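*Asks:* Questions regarding the structure given below will be posed in turn.
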Amino acid sequence: MLKKYLSEASSQAVFIGYNFLPINAWKKLSNPAAEILAFFQNYQIHKNIKYLTINNYDLQLDIYQSLTPKPQPTVIFFHGGGWVDRPREVELFFLLPYLKMGFSVVNVGYRLAAQSLAPAAVADCRCALNWVMRNAQQYNFDLEKIIVSGFSAGGHLAMTTGMLSPAAGFDSYCSGDKELKVAAIVNWYGITDVKDLLEGANVQGYALEWMGNQSDRLEIAERVSPINYVHSQLPPIFTVHGDADLSVPYNHAVKFHEALDRANVPNQLLTIPGGGHGGFSYSENLKIYENIEDFFIKYGLCNE
C-alpha cells in the first residue's frame, strides 16, 4: 500500500513556489492525482495555530489528521533550511507517507536566525512538543506514541526536542506540568555536532549565520549538539543519511550511531550510498519510508 501510494504521489507532486497546485488545477490532472485529492478529503487540517508568542513573534503550527476520533500516533515535524530560511510548508509532500501510515502530523514553524539567533529554535521546538502534549485530548494525539522528525536542521531540532531534559535550560518559555518525552526520533541527515560546523574543515555558512557574532557561540554550539546528550534512557532513534552529503557530514550520523550503540539505545542508521543532502530518488525514498514504517512497527508505534 505504501509503495503504491508513494509511486502515484511522487509522479504527480507539482509545486509552484512553496504551494501545491490549487484544487481546480489538481482536478485537471491524471487519475493518480485525483486519488491524492480524494485522500486529502478524508483528512482534517487545522492551520496557523499559535503555540507560543515570544519577543512579539507568533509561532505557529499546522495539524493534519484523519477523521478518526480515537487517539492517533502523532509525528511532530520540523522543517529544514539550516535554521536560517524556508517556511514550514516547504516539505509538506514528504509528510504524506506518515499520514498514510495512520499518523497525525503536526508541522511546526520556529524562529529562524533573522528573528532570533541560536539557541532560540531549540527552545521553540521544545515548546511545540509541550503544546502538543497539553492539547493531546482536544486533537486526539496519543501521548504514548509521539514521534519527532525533521530534515537537516529540522533533524537536529527533532533530536534536541526528543533528547534534552529540563536541566539543559531550554524550557523556560514553556508552561505546563507534563514531562516532555517522545516515543521515538526520526532524524533525516540532521546535524549532531554543531560546533563541528563552526570551525575547521566542515565549517558551514548556515551554521555561522545561526550563531551570529555571539561571544559564547562555541559554548552554545556544545549545548545544542545532540551528540552531547546521549544516554541509556533515550527513546529509539532512526537516522537516514547520504554518505556523500556535502552540507551535513556523513560522519555526524556515524559517530552518533556509534555513541547510541555504546549507550545501548535502540537505533538504526540507514545509509544512502552516494546520497547527498536529501534529493533522494523515488526508489531511495521508498526504501527509507519502508524502513521507517518497519521501525515504527518494531517498537509498537503504529496503530493496529
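Please treat every number below as a calculation from the coordinates, not as lab data. Because the structure is a prediction, the values reported are computed rather than measured. Note: ideal-geometry Cβ built from the backbone for every residue, glycine included; neighbour counts use all protein chains shown.
*Asks:* What shape does the range 165-304 take by its C-alpha gyration tensor, where a ≥ b ≥ c are the square roots of the eigenvalues and a/c under 1.5 counts as rounded, a/b above b/c as prolate, and the rest as oblate? Please report the intermediate quantities before stating the final value.
*Replies:* On the way: a/c = 1.94, a/b = 1.13, b/c = 1.72.
Oblate, because a/c is 1.5 or more while a/b does not exceed b/c.
*Asks:* Amide H to amide H under 5 Å from F141: which residues, 5+ apart in sequence or cross-chain, H placed 1.01 Å off N in plane?
*Replies:* For F141, the qualifying residues are Q72.
*Asks:* Continuing with the same structure: Please report how far the C-alpha centroid of the range 142-217 lies from that of the range 251-280, rounded to the nearest whole angstrom.
*Replies:* One Cα centre to the other: 16 Å.
*Asks:* Here is a follow-up. log₁₀ I(q)/I(0) of the range 237-301 at q = 0.12, 0.22 Å⁻¹, via Debye over equal Cα point scatterers, no solvent, to two decimals?
*Replies:* One equal scatterer on each Cα of the range 237-301 leads to -0.32, -0.95.
*Asks:* Can you give the local net charge around Y64? Use residues other than it whose beta-carbon is closer than 13 angstrom to its beta-carbon, Lys and Arg +1, Asp and Glu -1.
*Replies:* Numbers: positive: K47, R88, K100; negative: D62, E89, E91.
So the environment of Y64 carries a net charge of 0.
*Asks:* Here is a follow-up. With both partners inside the range 44-298, how many of the DSSP beta bridges are antiparallel, as a percent to the nearest 5? All intermediate terms of the calculation are to be shown ahead of the outcome.
*Replies:* Values: 12 of 38 bridges.
Just about 30 percent of them are antiparallel.
*Asks:* Follow-up. For a test of the definition: using alpha carbon positions, the gyration tensor, and the 1.5 limit on a/c, classify the chain as rounded, prolate or oblate. The partial results should precede the final answer.
*Replies:* On the way: a/c = 1.42, a/b = 1.30, b/c = 1.09.
The shape class here is rounded.
*Asks:* Let me ask you something else. Sum up the charges of everything whose Cβ sits under 15 Å from the Cβ of K195, counting Lys and Arg as +1 and Asp and Glu as -1, but leave K195 out. All intermediate terms of the calculation are to be shown ahead of the outcome.
*Replies:* On the way: positive: R217, R223, K255; negative: D193, D196, E199, D216, E219, E222.
Overall, the nearby charge balance is -3.
*Asks:* Which of the pairs K70/K100; K145/K195; K50/K145; K178/K287; K47/K287; K50/K298 have their Cα atoms more than 26 Å apart in this structure? Display every interim value, and only then the final one.
*Replies:* On the way: K70/K100 16 Å; K145/K195 32 Å; K50/K145 23 Å; K178/K287 36 Å; K47/K287 30 Å; K50/K298 34 Å.
Table pairs above 26 Å Cα-Cα are K145/K195; K178/K287; K47/K287; K50/K298.
*Asks:* When Lys and Arg each count +1 and Asp and Glu each count -1, what net charge do the other residues less than 11 Å away from A253, Cβ to Cβ, add up to?
*Replies:* Numbers: positive: K255; negative: D193, D243, D245, E258.
With Lys, Arg at +1 and Asp, Glu at -1, the neighbours total -3.
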